[in-house]
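Scroll down for the structure; my scribbles are underneath it.
The values are calculated or read from the model by the stated rules, or taken from the named source; none is laboratory data. Values in this document were obtained by computation on a predicted structure and should not be read as measured data. Note that we place each Cβ from the backbone using ideal geometry, even for glycine, and neighbour counts take in every protein chain shown. Calculation scope for accessible area: heavy atoms of the full protein, side chains included, ligands and nucleic acids excluded. Shrake-Rupley method; radii C 1.70, N 1.55, O 1.52, S 1.80 Å.
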Amino acid sequence: MTAFNAITFENSYRQLGEQFSSEQRPAPVSAPELIRFNGALAEQLNLPMGLNHLELVNVLAGNMVPDNISPIATVYAAHQFGSWNPQLGDGRAILLGEVIGKDNKRYDIQLKGAGQTPYSRMGDGRSALGPVLREYILCEAMAALGIPTTRALAAVTSGDQVARETMLPGAIFTRVAQSHIRIGTFQFFSARDDIESVKALADYVIDRHYQDAVKALQMNPDTDSYTALLTCVVEAQARLIAQWMSIGFIHGVMNTDNMLVCGETVDYGPCAFMDQYIPNKVFSSIDQHGRYAYSNQPDIGGWNVSWLAQALLPLMDEDESKALEKAKHALATYSEIFEQHYHQLMAEKLGFAEVSPEVTELSVELLALMAEQGSDYTLTFRALTDELASEAETHVLSDDVYRLSDAFQPWLADWQVLLKENNIKAATAHNLVLRKNPAFIPRNHWIEAAIKQATDHQDFAVFHQLVDVLAKPFEYSQKNSAFAMAPTPEQEVLHTFCGT
Ligand code: AMP
Ligand code: MG
């Protein structure tokens, strides 16, 4: 059996300077047990196979810290629901270190719920089982949908109870990210006028995430590396949010500490996939004013990156007005990239490899019709795949799962005409739509069912089943039809909670 200390853990972020983090060991728990370990991800991360089980569980629970690991908690600030909070940080997350994956990229391995840190404020540093399972399910579902996301390496129960509204079983989540550096990390130093630290952080992020892209942008002699960095992050955010929108995902808490500069989705707290298509849909119980409603997400993304611009301004140019010009220019690309990417994704969902004004109009009409009809977002698009399927196709949704109502007939006719006008064969369109319209998304009512069964009965069967089905979201099979179905009115989840 292989031991954990055979793994090379690096800590480049820790070496960036002591102002960025605090040394922090996880606090042990009573009786850890493994819920799930993501072997496929472990392999991608070059972690040795066949790690000693007992050692593995103890490390994932924070009960054992091998000699080669120097854990830290990182500091940041944020705009939370628009209000400035100058002092935040990993209050219940501990970064074990970084590993180099098979793709030669650097990945953070972080324990979430591993005990208090200097940034815990009034919090206990712990996580309840429910949010841990939710984050595991969402991370892996998003990854399978091809959306940039932090990943789930493992979940363990702690054997301890945590006090929330009631006493709940505790758990620890092992999260993997290309890095956990947030827009709020930049804001922390910028707000303190610590320009040297902003510069060190920016150089680090360029080196870690955007080396080639920044070099390419600097082919233009007027572009400095920090404006280039801003441009890269702007693009990553615009593309990410376009993907969220195309799939009906509502993040729910797009505070600037929950936006990673690497462009991965992070913090699956009160998030949800829409069932019925309602453009201004809000799930989060704490989002009383609908700041993070589905339809607001693109604008909020733009607002968030403007805070990164603010932090980088002093580095862009000594001349303040020149720096402002550069920042404005970089920020202006946000909406352009978002629109372009979003319309491209929507075109693909309809079977068009290329976007055109006619295709965009068609997708806008479909969304309007869906809103009017109160249709299920995911299944309406998925049902389109069946309209193009040949007679021999066996993976079509059965009528009890979903059927397009007659109200869609005129739209379907227009769609078929436009496909023909663009010389797109049904088989070609079918091929594309099958890869762009999932049959399985993490339905809120299934997540709740998985959490309830685990919390009330220590039974993880639904959780495992859900994770397994969601690993292949585009491959519909009738035997899993229950996971594809929209909720009945009784099953429908109306609100999601942070659950911290
Ligand atoms: P989140 O809403 O999960 O992004 O958390 C916002 C802030 O609260 C972050 O700085 C977290 O580290 C902190 N936090 C959330 N839950 C806890 C907890 N149980 N104990 C300590 N800090 C927490
Ligand atoms: Mg957070």
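For the chain, what does the accessible surface come to per residue with a 1.4 Å probe? Please give it in Å². Please list the in-between numbers first.
Values: 20930 Å² over 500 residues.
Value returned for the chain: 42 Å² of accessible area per residue.
How do 314-324, 244-254 rank on mean C-beta neighbours within 10 Å, highest first?
Numbers: 314-324: 14.5, 244-254: 23.2.
In descending order of packing, they fall as 244-254, 314-324.
Net charge near Q19, counting Lys/Arg +1 and Asp/Glu -1 over other residues with Cβ under 12 Å of its Cβ?
-1
Where a Cα-Cα gap under 15 Å defines reach, which aspartates and glutamates qualify for K322, not counting those fewer than 8 residues away within the same chain?
Counting by Cα, and skipping residues close in sequence, K322 has these aspartates and glutamates nearby: D222, D224.
Do any of K452/K479; K215/K328; K112/K326; K102/K479; K105/K328; K328/K436 go past 27 Å between their Cα atoms, and which?
Numbers: K452/K479 23 Å; K215/K328 21 Å; K112/K326 38 Å; K102/K479 35 Å; K105/K328 31 Å; K328/K436 34 Å.
Correct reply: K112/K326; K102/K479; K105/K328; K328/K436.
Considering amide H positions built from the backbone, and no H for Pro or chain starts, which residues 5 or more places from I35, or on another chain, come under 5 Å of its amide H?
Hits under the 5 Å cutoff: A155, V156, T157.
Would you calculate, for the chain, the mean residue ellipticity at 222 nm contributed by helices, counting each DSSP H stretch of 4 or more residues as -39,500 (n - 2.57) and dividing by all residues, to the nearest 500? Before the final figure, lay out the partial values.
Numbers: 17 runs with 220 residues, N = 500.
Helix contribution divided over all residues of the chain: -14000 deg cm²/dmol.
In whole percent, and with a 1.4 Å probe on the protein chains, what portion of the accessible area of region 3-177 is carbon and sulfur? Don't jump to the answer; show the numbers that get you there.
On the way: 3260 of 6700 Å².
Answer for region 3-177: carbon and sulfur cover 49 percent of the accessible area.
For E361 and D207 in the same chain, what is the full-extension length gain: residue separation times 0.36 nm, less their Cα-Cα distance, in nm?
Working: separation 154, 0.36 × 154 = 55.44 nm, distance 4.11 nm.
Full-extension gain reported as 51.3 nm.
How much of the calculated P(r) for the chain lies past 29 Å, in percent of all Cα pairs?
Values: 64979 of 124750 pairs.
It works out to 52 percent of all Cα pairs.
Among A93, L494, M254, whose Cα lies farthest out toward the positive end of the dipole of the chain, if unit charges sit on the beta carbon of Lys, Arg (+1) and Asp, Glu (-1)?
So the residue we want is A93.
Can you give the net charge of the other residues whose Cβ lies under 11 Å from the Cβ of I247, counting K and R as +1 and D and E as -1? Don't jump to the answer; show the numbers that get you there.
Working: positive: K349, K436; negative: none.
Residues close to I247 contribute a combined charge of +2.
Which peptide among 223-232, 210-219, 181-190 comes first, and what is the full order, when sorted by highest mean count of other Cβ atoms within 10 Å? Each step should come with its number before you reach the end.
On the way: 223-232: 22.8, 210-219: 14.6, 181-190: 25.7.
By packing density, highest mean first, the sequence is 181-190, 223-232, 210-219.
With only alpha-carbon atoms counted, please give the Rg and Dmax of region 3-177, in Å.
15.7, 47
Which whole-Hz ³J(HN,Hα) couplings does region 336-349 yield from phi under the Karplus relation 6.51 cos²θ - 1.76 cosθ + 1.60, θ = phi - 60°, glycine and proline marked x?
After applying 6.51 cos²θ - 1.76 cosθ + 1.60, I find 4, 5, 4, 4, 4, 6, 4, 5, 4, 5, 5, 4, 5, 5 Hz.
Can you tell me, using C-alpha contacts under 8 Å and at least 6 residues apart, the relative contact order of region 183-347 as a whole percent? Don't jump to the answer; show the numbers that get you there.
Numbers: 218 pairs, mean separation 50.0, N = 165.
Contact order relative to length: 30 percent.
Taking K and R as +1 and D and E as -1, what net charge do the other residues with C-beta under 15 Å from the C-beta of S30 add up to?
On the way: positive: R126; negative: E33, D124, D160.
Local charge sum for S30: -2.
Mind checking the dipole of the chain: about its Cα centre, +1 per Lys or Arg Cβ, -1 per Asp or Glu Cβ, Debye to the nearest 20?
Details: 36 positive and 61 negative charges, 184 e Å.
Here the size comes out at about 880 debye.
Using the Cα atoms of region 77-143, I'd like the radius of gyration and the largest Cα-Cα distance, Dmax, both in angstrom.
In order Rg, Dmax, the Cα atoms of region 77-143 give 14.5, 40 Å.
Express in whole angstrom the spacing between the alpha-carbon centres of region 423-451 and region 119-182.
Between the Cα centres of region 423-451 and region 119-182 lies a distance of 26 Å.
Hey, if you put +1 on the Cβ of every Lys and Arg and -1 on every Asp and Glu Cβ in region 244-399, which of L308, Q373, T333 ends up farthest toward the positive end of that dipole?
L308
Quick check: at a probe of 1.4 Å, how many percent of the accessible area of region 183-347 sits on carbon and sulfur atoms? List each step's numbers first, then the result.
Details: 3110 of 6280 Å².
Carbon-and-sulfur percentage of accessible area, whole number: 50.
Using Cα positions and a limit of under 17 Å, work out the lysines in reach of K420, with same-chain residues fewer than 8 apart set aside.
Straight-distance partners of K420: K349.
How would you order 286-296, 387-397 from highest to lowest mean count of nearby Cβ atoms within 10 Å? Can you show the working numbers first?
Values: 286-296: 16.5, 387-397: 13.2.
Averaged packing, sorted descending, gives the order 286-296, 387-397.
Which three extents, in angstrom, do the Cα atoms of region 255-308 have along their principal axes, listed largest first?
Cα extents, longest axis first: 33, 19, 19 Å.
Which ³J(HN,Hα) values in Hz, rounded to whole numbers, follow from the phi angles of region 19-25 under the Karplus curve 6.51 cos²θ - 1.76 cosθ + 1.60, where θ = phi - 60° and Gly and Pro get x?
In residue order, the calculated couplings are 6, 8, 7, 10, 5, 7, 8 Hz.
Provide the per-residue ³J(HN,Hα) series for region 60-69, in order, calculated from phi with Karplus coefficients 6.51, -1.76, 1.60 and θ = phi - 60°, each as a whole number of Hz, with x at glycine and proline positions.
5, 8, x, 7, 9, 10, x, 4, 7, 10
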